[in-house]
Every structure is written in C-alpha cells, then in structure tokens.
C-alpha cells in the first residue's frame with residue numbers, strides 16, 4: 001500500500017454544521033507511505049473517528065477513503081484481513097488490551113498471527129520501554145502508562161506500510177515519549193512505512209513531514 005487518500009470525507013454527525021474549519025474534513029488528503037504525519041486535534045473534532053474509518057471499524061462518514069485508489073467501502077472481508085495483518089499497524093486510543101492476560105500474552109496474540117518478531121526481540125522492546133519487569137504481570141494490574149507501552153509493543157509486531165497511532169503517548173512523560181518515538185520511527189524506517197499519529201496536546205516527539213489540524 002503506497003497511499004491512503006481522504007476525499008471530501010466528513011463524519012455524518014458533523015453533517016449540516018456550519019463553520020467546519022479543518023485541514024482534513026471536506027478536503028483532499030493524500031497520506032504517502034514513508035512519510036510522517038501529525039493530526040493535531042481538539043477533543044471532539046473526530047480524530048478517533050478518522051482512525052476508525054481508515055481501519056475499517058466504522059463507515060458513518062460521507063465522502064471517500066481509498067487505499068491506492070480503491071474505495072475501502074468496496075473491500076471484502078479477506079481484503080480487510082490482509083490490510084490489517086500486513087499493511088496497517090493500528091494503536092487505538094483505548095489500547096484494547098485483555099486485562100486477564102499478561103503483558104507478554106497480549107503482545108503474543110498479535111505476534112502469533114504475524115510471526116514478525118522473535119521472543120528475544122519482544123523482550124528487548126520491553127526492556128527499552130522500561131517495563132521488562134512487567135512481562136508476566138496481568139495487564140489489568142499495570143498503570144495506564146505501562147499499558148500504553150505494552151500496546152505500542154503489540155502494534156510494532158507486524159509488517160506494515162502505515163503505522164496508525166491514536167494518541168500514542170497521552171499517558172507518558174517526556175522521557176518515555178522520546179523512547180517510544182524513537183522505537184516507532186526506527187521500525188517505520190526499517191519497513192519504509194508511513195506514520196500517522198493523532199494528538200490532543202501531548203505530541204509524539206518525532207520529526208514530521210506535515211501537520212494537519214482537525
């Protein structure tokens with residue numbers, strides 16, 4: 001996948017609203033593989049909705065979203081499975097960890113599907129993130145910041161053309177933000193992947209090619 005495009009896209013809940021000032025909604029947006037984008041937004045402007053649209057979780061929007069020119073509304077279940085397994089790595093804002101599983105088990109759920117990282121590589125990610133001692137801890141027993149780092153590790157355990165991150169560092173301090181940003185950009189560089197990160201204030205500390213405002 002080389003490009004994600006949004007053409008005249010707008011959440012249906014915003015339909016009929018006057019004065020929509022956005023660099024994304026009702027615009028022609030081209031997100032290219034290998035480039036880094038920040039979607040800066042205020043709460044309630046639709047950043048999580050946008051991520052859900054791109055990932056195919058929701059379709060309550062007008063306009064068009066396309067992968068390499070193909071309208072995603074026309075994609076089959078098999079095509080979506082392929083897109084989510086090999087082309088788009090997604091970190092949702094709510095992280096979606098299973099609290100009854102350990103941190104490692106949550107990561108392994110993804111890695112078993114992709115076979116992308118060795119256990120040694122995953123342990124190294126835990127170490128770099130400063131949570132090596134939490135590998136065997138239940139996700140429900142971790143702090144929100146620790147859970148966020150586990151979810152980021154899980155996100156990196158797949159091949160991809162785009163890394164889609166919804167508020168990836170909202171619960172992290174500056175030092176952990178820098179660590180996460182470095183790991184994500186390193187992985188994106190290795191794979192030649194694009195990065196699309198949203199934020200309502202605590203931005204991922206990476207160099208970006210373009211900033212959009214919602």
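Every number here is computed from the coordinates shown, using simple stated rules; none is lab data. Model, not experiment: these values are computed from the prediction. Positions of Cβ are backbone-derived with ideal geometry, glycine not excepted, and every protein chain shown enters the neighbour counts.
Tabulated data for the structure shown
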| quantity | calculated |
| --- | --- |
| Ranked 76, 185, criterion: other C-beta atoms within 10 Å, fewest first | 76, 185 |
| Rounded to 10°, Cα long-axis angle of helix 119-128 versus longest principal axis of the chain | 80 degrees |
| Among beta bridges that DSSP assigns inside the chain, antiparallel share in %, nearest 5 | 45 percent |
| Euclidean distance between Cα centres, segment 17-41 to segment 95-146, Å | 32 Å |
| Between 0 and 90°, nearest 10: helix 174-191 axis offset from the chain longest Cα axis | 80 degrees |
| Rel. contact order, % - alpha carbon contacts under 8 angstrom, at least six apart, the chain | 32 percent |
| Expected 222 nm ellipticity per residue - DSSP helices of 4 or more, -39500 (n - 2.57), all of the chain, to 500 | -9500 deg cm²/dmol |
| Candidates 197, 151, 41, ranked by Gaussian network fluctuation over the chain, Cα under 10 Å, top entry | 41 |
| Residue exposure sequence - 24, 208 - by fewest surrounding Cβ within 10 Å | 208, 24 |
| Distance histogram in 10 Å bins (all Cα pairs of the chain, percent per bin) | 8, 35, 36, 17, 3, 0 |
| Likely footprinting exposure, 175, 105, fewest C-beta neighbours within 10 Å first | 175, 105 |
